[in-house]
1. Return the carbon/sulfur percentage of the accessible area of the chain, one whole number, probe 1.4 Å, all protein chains in place.
2. Assuming a ≥ b ≥ c are the square roots of the Cα gyration tensor eigenvalues, decide whether region 37-170 counts as rounded (a/c under 1.5), prolate (otherwise, with a/b larger than b/c) or oblate.
3. So what's the net charge close to GLN63: Lys and Arg +1, Asp and Glu -1, counting the other residues with Cβ under 11 Å from its Cβ?
4. Mind running the shape call on region 1-113? Use the C-alpha gyration tensor, a ≥ b ≥ c as the square roots of the eigenvalues: rounded below 1.5 for a/c, prolate if a/b tops b/c, oblate otherwise.
5. What does the net charge come to around VAL140 if you take all other residues with beta carbon closer than 15 Å to its beta carbon, with K and R at +1 and D and E at -1?
6. Give me the 1.4 Å probe accessible area per residue for the chain, excluding ligands and nucleic acids, in Å².
7. Local charge sum around ALA29 (other residues, Cβ-Cβ under 11 Å, Lys/Arg +1, Asp/Glu -1)?
8. Just to be sure I follow the definition: excluding the sites themselves, where is the longest run in the chain that has none of the trypsin sites (Lys or Arg not before Pro) in a DSSP loop with at most 14 other Cβ atoms within 10 Å?
Amino acid sequence: MSTTVFTYMESPFGRLMLSGIVPDGGGPAGLATVTAPGQRYALAEPADDWVHDPEALAEPVTQLTEYFAGERTAFDLELAPVGTEFRRRIWAALDKIPYGETVTYGQLADLAGESPRAVRAVGGAVGANPLLIIRPCHRVLGANGALTGFAAGVDRKRWLLDLEHGTSLF
């Protein structure tokens, strides 16, 4: 039986909670969630059966710290998000958006091999992304280029995009 582990890290967004899944036979934890304070549709606290294990999630913490410092433009982590096949396909398409670039929801649908008419469903999958920052849902904009919804707040989305464009004040 797999074990869910968690840890916390300080970030420009406040204390992030990270969770991961350790496989039955042991080995590195696959990162399952990254949650910011006040994030919509996300657990604010770990579940009762999760095990606090900072060492199991040390690599994701290191890579996120490097990202926030402007020293990392891509993540190289074992991921273990839980979601439907459709959502996993949309989340995987997020990985195709290069650092510092943006796409619209329609373009993301195309990247995922979906019909442009699936934009609302694509938006729902993006909003349910459990790997905030790691899977760059902040790089998805409205059809008119507007900073549309972001589960952790539009100000944080703007901050991430500014960071990636080298214009952040933090």
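1. On the way: 4570 of 8720 Å².
Ligands and nucleic acids excluded, carbon and sulfur give 52 percent.
2. Details: a/c = 1.67, a/b = 1.22, b/c = 1.37.
It comes out oblate by the Cα gyration axes.
3. -3
4. Since a/c reaches 1.5 and a/b is larger than b/c, the shape of region 1-113 is classed as prolate.
5. Values: positive: ARG87, ARG89, LYS96, ARG120, ARG135, ARG139, ARG156, LYS157, ARG158; negative: ASP95, GLU101, ASP110, GLU114, GLU164.
Net charge around VAL140: +4.
6. Computed with neighbouring chains in place, this is 51 Å² per residue.
7. Overall, the nearby charge balance is -4.
8. In the chain, the maximal stretch lacking such sites is 97-170.
The values are calculated or read from the model by the stated rules, or taken from the named source; none is laboratory data. Note that the structure is predicted; figures quoted are calculated from it, not measured. Counting neighbours? That spans all protein chains shown, and the Cβs are built from the backbone with ideal geometry, glycine included. Note: areas computed on protein heavy atoms with side chains; ligands, DNA, RNA excluded. Shrake-Rupley method; radii C 1.70, N 1.55, O 1.52, S 1.80 Å.
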